[in-house]
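The values are calculated or read from the model by the stated rules, or taken from the named source; none is laboratory data. Remember, it's a predicted structure, so these values are computed and weren't measured experimentally. As a convention, Cβ positions derive from the backbone with ideal geometry for all residues, glycine included, and neighbour counts pool all protein chains shown. Surface accessibility is based on the protein's heavy atoms, side chains included, excluding ligands, DNA and RNA. Shrake-Rupley method; radii C 1.70, N 1.55, O 1.52, S 1.80 Å.
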Amino acid sequence: MPIFATPFAHLDLVRQPEQRDDPLQAFDAADEYLLNHLHEQGVTPDARVLVLNDSFGALAASLAPQVRVTSSGDSHLGYLGLVRNLARNGLEAGQVAFVPASDPLVGPFDRVLIRVPKTLALLEEQLIRLQGQLAPGARVVAAGMVKHLPHAAGDLLTRYIGPMQPSLAVKKARLLIATPDARPAVTSPYPTRYQLDSPRLTLVNHANVFCREGLDIGTRAFLPHLPRSLAAVRAADLGCGNGILGIAYALANPQAEMTLVDESYMAVQSARENWRAALGDRPADMRAGDGLAEQPEDSLDLVLCNPPFHQQQVVGDFLAWRMFVQARNALVTGGELWIVGNRHLGYHAKLKRLFRGVEQVAATPKFVVLKASK
């Protein structure tokens, strides 16, 4: 396993969730560039450093023994990676304060290190939330691999923080160095809202929610074919996003006991607000989590899922496969996993390796709705 070596620490780091023979590292050259730059600029032990979007804790764990670190991001898997990597390197979890992206930040911060996220709306929201949270003389530095670093990221830093200067590229990574200046407060454009006709709902979508401007076409293909039951079904919306699958199912089945789970804190925040608007005080278990990893075995009758096909910039079906395994473990014998997926992903064949029966419920030119029975 490669060691992440910087002037602050030498760390043995792993990605989260772990997978056997994973060719990917839990850090990259952009993490290294950020920490080398911070060291060159100088940072005192009493400095308060905020780290945003630190995928698996490489930045926060490196700085934890040296300064006061707060880490904030929207990935629960990222948080689990931070906790795991702190322990793996003999550090206490309490050495880093973690703030979910759905919660406000409390400064003042002397240094802000940002890994530019895939969703620029999340970056915009985070920069807006830095208003009033920067100490005098604070510095804000964002970083990313050049191939994943859009020009708009620098525009956002200039708009919300101050004049921005890009660095030279080093090992295919680049820094965006912003100098904070005085500027009027800005109101966030998030959350966004859009309306559905069936079921008739207005859905709230916080900044990092997938397809926050309108219903994604996979879910649109899935909704008319949700299973129908009036029994007291124990059902989960796995990877719930803004909660629409679970909410639509609950509206059609007043007896259903619902669980909504997503690894995005902002998704769960959106789902909670949408559930309350649609279903009032009806109880439901809504949580940020590693899928159904914490769900007891044989505790669900039904799982609904529109699985992801990427983790940050990495495209693949690893997370989807893991969610299918989690669903199988959580379902009772005879329970069902219902999913929607792109035709080309071949989920039908994959599900047959895990479940005793797989049926195609519906299809469009691009998507299929599948039912897998345990």
- Query: Considering every Cα-Cα pair within segment 1-100, what fraction, in whole percent, is farther apart than 23 Å?
  - Reply: 17 percent
- Message: With a cap of 15 neighbouring Cβ atoms within 10 Å, and only residues DSSP puts in a loop, list the chymotrypsin sites (Phe, Trp or Tyr not before Pro) found in segment 233-339.
- Response: Phe309
- Taking DSSP loops as anything outside H, G, I, E and B, show the longest stretch in the chain free of GluC sites (Glu not before Pro) there with at most 15 other beta carbons within 10 Å. 93-212
- Message: When a/c reaches 1.5 or more, the comparison of a/b and b/c decides; with that in mind, is segment 188-245 rounded, prolate or oblate per its Cα gyration tensor?
- Response: prolate
- Item | Relative contact order of segment 1-155, defined on C-alpha pairs under 8 angstrom at six or more residues apart (%) | 22 percent
- Message: Output the 0 to 90 degree angle, nearest 10, between the alpha-carbon long axis of helix 29-41 and the longest principal axis computed from the alpha carbons of the chain.
- Response: 30 degrees
- Across 10 Å bins beginning at 0, the whole-percent shares of Cα-Cα pair distances in the chain come to 5, 23, 30, 23, 14, 4, 0
- Phi angles of segment 213-224, converted by Karplus (6.51 cos²θ - 1.76 cosθ + 1.60, θ = phi - 60°) into ³J(HN,Hα) in whole Hz with x for Gly and Pro, give 8, x, 5, 5, 5, x, 5, 4, 6, 7, 3, x
- Note on the structure: Loop-resident trypsin sites (Lys or Arg not before Pro) in segment 273-362 with no more than 11 other Cβ atoms inside 10 Å, DSSP not H/G/I/E/B, are Arg353, Arg356
- Item | segment 52-142: projected area of the alpha-carbon convex hull, averaged over directions, in nm² | 5.5 nm²
- 3J(HN,Hα) from dihedral phi, segment 117-127, Karplus parametrisation 6.51/-1.76/1.60, rounded to Hz, x for glycine, proline: x, 5, 8, 5, 4, 5, 4, 4, 4, 5, 5
- Task: Using just the helices of the chain, give the 222 nm mean residue ellipticity in deg cm²/dmol: DSSP H runs with n ≥ 4 each add -39,500 (n - 2.57), and the total is spread over all residues, rounded to 500.
- Result: -8000 deg cm²/dmol
- Note on the structure: The relative contact order of the chain, taking Cα pairs under 8 Å that sit 6 or more residues apart, comes to a percentage of 11 percent
- Under a 1.4 Å probe, what is the accessible area of the chain per residue, stated in Å²? 44 Å²
- Message: If amide hydrogens are placed 1.01 Å from N in the peptide plane, which non-local residues have theirs closer than 5 Å to the one on Ala236?
- Response: Thr259, Leu302, Val303, Leu304
- Note on the structure: Residues other than Thr192 with Cβ under 9 Å of its Cβ, Lys/Arg counted +1 and Asp/Glu -1, net out at +1
- In terms of the Cα gyration tensor, with a ≥ b ≥ c the square roots of its eigenvalues, is segment 145-191 rounded because a/c is under 1.5, prolate because a/b exceeds b/c, or oblate? oblate
- Compute, for His225, the solvent-accessible surface of its heavy atoms (probe 1.4 Å) with the complete set of protein chains present, and express it in square angstrom to the nearest 10. 70 Å²
